[in-house]
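Colleague: Please read through the structure below; I'll follow up with questions.
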Amino acid sequence: MLTVVQHPLIQHKLTLIRKKETGTKDFRENLDEIAGLMAYEITRDLPVREIRIETPLITCATHELARDIVLVPILRAGLGMVDGITNLIPTAKVGHVGMYRDHNTLEPKNYYAKFPGNLKDAVVMVLDPMLATGGSASAAIETLKNEGASIIKLVCVVGAPEGVSRIKKDHPGVDIYLAALDEGLNELGYIVPGLGDAGDRLFGTK
Ligand code: PRP
Ligand code: URA
């Protein structure tokens, strides 16, 4: 399932990070804020369980999250979405997958993986601002499945139809969330209109 999370605040902040004149500080802040706003929608169907608590007045039945939440940013650019979501879900644990795209083949290279131990029963959110060919996200999801994860949501900001098709084909059970579905990829594999190289813009490396 693909959900394009459309909210005026998300659209406004997305416009800011698309602009080529937006610098590192504003890019970082707005990307984090977009992730936080998207998280509100993405967590809408999280299971809750009933518990009994004592308020200052009486004992009552109420609810708490029933599953652990694990965020897995794809390095590097996915790191720019973590704080926005942990601000909302401070109990979320954070794993990491390191992927970079070979510039010639566009094939993902996996260089790092470290996860918390409770993947099997957790809701796992894979974070990456860009879903281009879908190769990096597909490989990250494959790694997570091999580690036992079964409830996986892919949270990206800008996606290309090519990437969405790839994830639907490789991982049909994974829900995909985007803030925008763009036109497609250029000959270098960049999303158009997109926002350029998310990692470089986030970390000021170009
Ligand atoms: C970017 C982006 C995704 C990937 C998307 O990372 O953050 O991980 O490209 O492209 P794909 O869908 O075609 O795989 P990049 O490889 O530039 O690494 P970086 O985040 O370290 O800059
Ligand atoms: N990775 C990026 O950072 N940007 C794109 O447009 C495509 C892949």
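Quick grid of which residues meet (1) free of Cβ contacts under 8 Å to residues at least 60 places away in the same chain; (2) more than 16 Å from ligand 2 (Cβ to nearest atom):
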{"position": "Arg101", "(1), (2)": "no, no"}
{"position": "Leu127", "(1), (2)": "no, no"}
{"position": "Ala140", "(1), (2)": "no, no"}
{"position": "Lys169", "(1), (2)": "yes, yes"}
{"position": "Ala180", "(1), (2)": "no, no"}
{"position": "Asn186", "(1), (2)": "yes, no"}
{"position": "Val192", "(1), (2)": "yes, no"}
{"position": "Phe203", "(1), (2)": "no, no"}
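Colleague: Within the range 6-37, take every residue that is out of contact with any Phe, Trp or Tyr (no Cβ under 6 Å at 6 or more places or on another chain) and among the aliphatic types (A, V, I, L, M) and give me the one that is surrounded by the most Cβ atoms within 10 Å (Cβ to Cβ).
Modeller: My answer is Ala35.
Colleague: To continue, here is another question. Of all residues being within 11 Å of ligand 1 (Cβ to nearest atom) and modelled with pLDDT of 95 or more in the range 84-109, which is farthest from Val124 (Cα to Cα)? Just the residue, please.
Modeller: Gly98
Colleague: Scan the range 5-22 for residues that are out of contact with any Asp or Glu (no Cβ under 6 Å at 6 or more places or on another chain), modelled with pLDDT of 95 or more and closer than 19 Å to Met130 by Cβ and report the count.
Modeller: So the answer is 10.
Colleague: Same structure again: Got at least one residue in the range 96-107 being hydrophobic (A, V, I, L, M, F, W, C), crowded, with 19+ Cβ neighbours inside 10 Å and outside any loop (DSSP other than H, G, I, E, B)?
Modeller: Yes, that holds for at least one residue.
Colleague: Let me ask you something else. Could you list, in sequence order, all residues of the range 2-36 that are of a type in the set (A, V, I, L, M) and either in contact with a Ser or Thr (Cβ under 8 Å, 6 or more places away or on another chain) or in contact (Cβ under 8 Å) with a residue 40 or more places away in the chain (or both)?
Modeller: Within the range 2-36, Leu2, Val4, Val5, Ile10, Leu14, Leu16, Ile17, Leu31, Ile34, Ala35 meet the criteria.
Colleague: In the set Lys145, Lys169, Lys153, Lys206, which member is modelled with pLDDT of 95 or more and loosely packed, with under 14 Cβ neighbours inside 10 Å?
Modeller: Lys169 is the lone residue from the list that is modelled with pLDDT of 95 or more and loosely packed, with under 14 Cβ neighbours inside 10 Å.
The values are calculated or read from the model by the stated rules, or taken from the named source; none is laboratory data. Fair warning: this is a prediction, and the values are worked out from it, not measured in the lab. Glycine also receives a Cβ, built like all others from the backbone with ideal geometry; neighbour counts cover every protein chain displayed.
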